[in-house]
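Structure record follows, encoded as structure tokens.
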Amino acid sequence: MVVPENLNYTSWLTVKQMMNKHFIVIHPSDSLRTVVQYYQDSRLDTLPVVDTDEKLIGVFPKKRLYKALLDGSCLDDPCTPYIVNEPISVPCDLCYDEISMVVRSSQSLVDYVVVVDQQGSPVGMIGTAEYLRGSQKLIMTSNVLLESIFNANYEGIIVIDNNGKILRINPVAETMFGLNSAEIKGLHLEFVLPDLKIFSNRSRGIKQIIQTLPVIVSQMPIIADDVQIGTKIAFIDISDMEEMARELEIVKDLQTSLDGVLNASSDGVFVSDISGSVKYVNESGCRLIADNAEAMIGMPIKKLLTSGVPAEVSKNGIAEVEICCINDRNCIVSHIPINEVIYDETQTVGVVSTVYLDDNRLTEEIARKWLSLRQQVQYYRDELEKRGNSFDNLVSKNSGFIKMKKDAHRIARSSSTVLLTGESGVGKGMFAHAIHAASPRANQPFVKVNCAAIPESLLESELFGYAPGSFTGASRKGKIGYFTQAHEGTVFLDEIGDMPLSIQVKILQVLQDKEFMRVGGVRTQKVDVRIIAATNKDLREAINKGAFREDLFYRLNVIQFNLPPLRERSEDILPLTQVFIQKYNEILGSNVVGITQAAKDALLIHSWPGNIRELENTIERAANYVLEGEIDIEHLSAQIFQFGQQPYEPSSYRSILSDVDKEMLLVALKKAKGNKSAAARLLKMSRSAFYEKLGKYNLS
């Protein structure tokens with residue numbers, strides 16, 4: 001069967017596909033005897049005649065051979081007098097076209113028409129038999145295609161003749177009305193579907209109820225040679241659409257009620273989705289921003305509230321409160337995650353940001369207390385950071401990391417720029433603090449700037465400050481930037497891979513010339529700072545994408561330290577655990593004395609995608625649950641027991657312990673590349689004990 005390449009039936013079949021390729025060409029110099037032999041070999045009624053270049057110049061029909069013999073010609077005479085010159089020919093790439101094929105064949109004086117290529121050379125012969133075979137293939141192909149379209153149609157279809165009797169019904173209509181094609185074929189449609197109203201002419205989109213099913217009915221006549229031979233009736237089931245319409249009305253009613261409640265509030269309400277785009281703003285929010293809701297829908301919430309906190313809330317699902325300056329108004333803003341249960345798992349799908357305006361005493365009291373608490377928290381954070389800012393506090397037993405600390409301690413004495421790379425949570429901030437603490441600048445400011453947390457519109461003024469009255473809302477006294485604050489000290493540019501290109505130019509100027517210009521300023525300012533930059537991104541890839549300047553990268557990459565992830569320094573997991581236990585005993589007033597062997601094994605097996613930060617959070621969580629005694633396996637987060645993609649169900653202590661123990665052996669063997677003695681040393685076990693455990697879990 002011919003397989004169509006497209007739905008244009010005239011291109012499904014070409015002459016080349018239908019023609020007879022078994023033919024022999026005749027030359028004018030051939031004798032009649034040769035022609036007789038050719039006819040016997042080819043079994044055709046007509047043969048093409050070609051010149052010395054194999055180009056078609058005529059044909060020699062079998063009728064001409066009979067005429068030559070009747071004329072008394074000898075078999076050895078040349079055939080030239082009996083050649084039919086200027087014959088009808090057909091190009092081989094001609095598509096199936098009934099009119100052109102029939103016309104060309106009828107115009108020919110011979111039974112067979114020669115098929116030629118683009119150069120005019122014969123490539124085949126075609127006659128009635130070949131044409132009929134091709135037509136049969138085309139009809140079969142067309143029938144298969146039409147049948148597939150009929151059965152795969154989304155609509156239910158019933159075809160009736162002019163007397164109303166059913167000729168065809170597709171599977172959709174069978175299912176829709178509970179019919180069977182074999183049982184109803186030939187029956188009158190009024191008998192099968194008495195509820196159906198049939199019209200005498202064409203009709204479209206008429207709603208009817210048939211067998212209690214709401215449907216849209218369209219009726220189209222089937223025309224052949226300007227005569228109607230039947231009718232096609234199509235049905236679309238709209239029961240689902242009506243249900244959706246009812247649900248939509250309910251949603252619209254709820255939306256109206258919600259709008260009324262939110263617009264009655266004096267506080268500004270902004271709803272954003274997981275990507276940070278605004279989806280809803282109430283009337284108070286519109287007045288606060290001084291814009292209409294339509295203009296704000298789709299805008300980044302970060303731009304409206306000049307805050308990156310909603311993005312953090314959408315990531316971690318933890319509510320946050322902050323103070324934002326919106327159009328010169330200090331406002332308390334709460335960011336509450338919108339959670340939804342998807343496949344039995346709670347996921348954050350958006351954030352509700354409520355702006356409490358400073359129009360009443362209660363709001364002012366809340367702001368005062370919140371600022372007081374924020375200052376206290378910042379004080380304790382600063383105190384903790386001061387106690388952990390040296391290389392001695394970077395606990396490690398990993399030989400590679402120990403060497404990295406020694407190298408960093410050595411270069412700390414210089415003012416060269418340092419680039420710290422590594423995954424999120426590996427301790428790049430502490431490493432930068434340690435370099436600063438070991439440098440001659442230790443007694444000068446260490447200013448940390450999170451380039452990803454500050455909106456692009458504010459980043460330049462935060463880094464370099466601004467001159468008095470340089471823009472609307474600017475302080476009349478101006479403002480000094482982070483670089484000025486860090487004069488003679490260190491600026492730590494965290495997440496520098498997220499720094500906008502427009503700011504990268506000014507950072508490059510600071511690195512090259514040790515000077516910059518404030519926003520709205522008229523002269524440059526000199527500054528003496530050491531820059532330590534950090535990123536968890538591949539800056540070379542960012543350069544290729546045009547998101548990071550190549551010249552800035554080489555200026556930053558004077559000295560680079562790539563901090564390894566915690567999974568590559570597993571020998572540091574337990575020592576770091578002890579450090580965090582001591583830290584949170586002091587903070588929480590708890591009395592955690594250690595960690596059980598089962599919990600240790602679980603910590604050693606976990607891959608720590610969040611690195612040291614994740615480990616610290618794990619110990620902080622456990623310390624909140626334990627308060628005193630040892631941290632056990634039930635005090636650890638369920639995430640610790642997710643090996644690969646299959647989470648462990650903590651059904652019992654012993655089953656968890658057994659799984660962790662077995663996984664620990666497999667990990668050790670993998671790290672030791674199958675060397676059992678080396679694996680035993682990694683686990684600080686004797687060989688006999690190691691082999692005993694291998695036998696216990698059938699791992700030997």
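Some points to look at:
- In terms of distances greater than 32 angstrom between alpha carbons, the cross-link table entries K21/K67; K448/K671; K671/K696; K315/K662 yield K448/K671; K315/K662.
- Gyration tensor verdict on the stretch 500-570 (Cα atoms; rounded if a/c is under 1.5, prolate if a/b is larger than b/c, oblate otherwise): prolate
- Listed by chain and number, the lysines whose alpha-carbon sits under 29 Å from that of K165, ignoring those within fewer than 8 places in the same chain, are K185, K197, K207, K232.
- Multiplying the residue separation of T256 and T80 by 0.36 nm and subtracting their alpha-carbon distance yields 53.8 nm.
- Distance between the 7 Å Cα→Cβ label points at L699 and T348: 3.7 nm.
- Cα pair distances in the stretch 554-640, grouped into 10 Å bins until the bin that holds the longest one, percent each: 17, 48, 21, 8, 5, 0
- A cut-off of 5 Å between modelled amide H atoms, ignoring neighbours fewer than 5 places along the same chain, links N170 with I157.
- Global form of the stretch 407-468, assessed from the alpha-carbon gyration tensor, a/c cut-off 1.5: oblate
- Using the 1.4 Å probe convention, the accessible area of the stretch 556-618 works out to 41 Å² per residue with neighbouring protein chains retained.
- Share of Cα-Cα pairs in the stretch 466-589 lying beyond 26 Å, as whole percent: 44 percent
- Remark on the stretch 177-284: Rg and Dmax equal 24.5, 74 Å (Cα only).
- Whether the stretch 528-600 is rounded, prolate or oblate, judged on the alpha carbon gyration tensor where a/c under 1.5 counts as rounded: prolate
- Positive-end ranking of I573, T596, N557 along the dipole of the stretch 523-601, with charges on Cβ about the Cα centre, is headed by N557.
- Most to least packed among 427-439, 590-602 [average Cβ atoms within 10 Å]: 427-439, 590-602
- For the stretch 502-518, 3J(HN,Hα) per residue [Karplus equation, 6.51 cos²θ - 1.76 cosθ + 1.60, θ = phi - 60°, Hz, x = Gly/Pro]: 5, 7, 4, 4, 6, 5, 4, 5, 5, 5, 7, 10, 6, 8, 7, 10, 5
- R0 of 45 Å, Cβ-Cβ distance E571-S415: FRET efficiency to nearest 0.05: 0.85
- The calculated FRET efficiency for the pair D328 and S637, based on their C-beta separation and a Förster distance of 41 Å, comes to about 0.40.
- Fully extending the segment from D161 to E620, taken as 0.36 nm per residue of separation minus the present Cα-Cα distance, adds 157.2 nm.
- The ratio of the alpha-carbon radius of gyration of the stretch 192-347 to the globular-protein estimate 2.2 N^0.38 Å is 1.76.
The values are calculated or read from the model by the stated rules, or taken from the named source; none is laboratory data. Since the structure is predicted, the reported quantities are computational estimates derived from the model, not experimental observations. Every residue, glycine among them, receives a Cβ derived from its backbone with ideal geometry; neighbour counts consider all protein chains shown. In case anyone asks, the SASA skips ligands and DNA or RNA and just uses the protein heavy atoms, side chains included. Shrake-Rupley method; radii C 1.70, N 1.55, O 1.52, S 1.80 Å.
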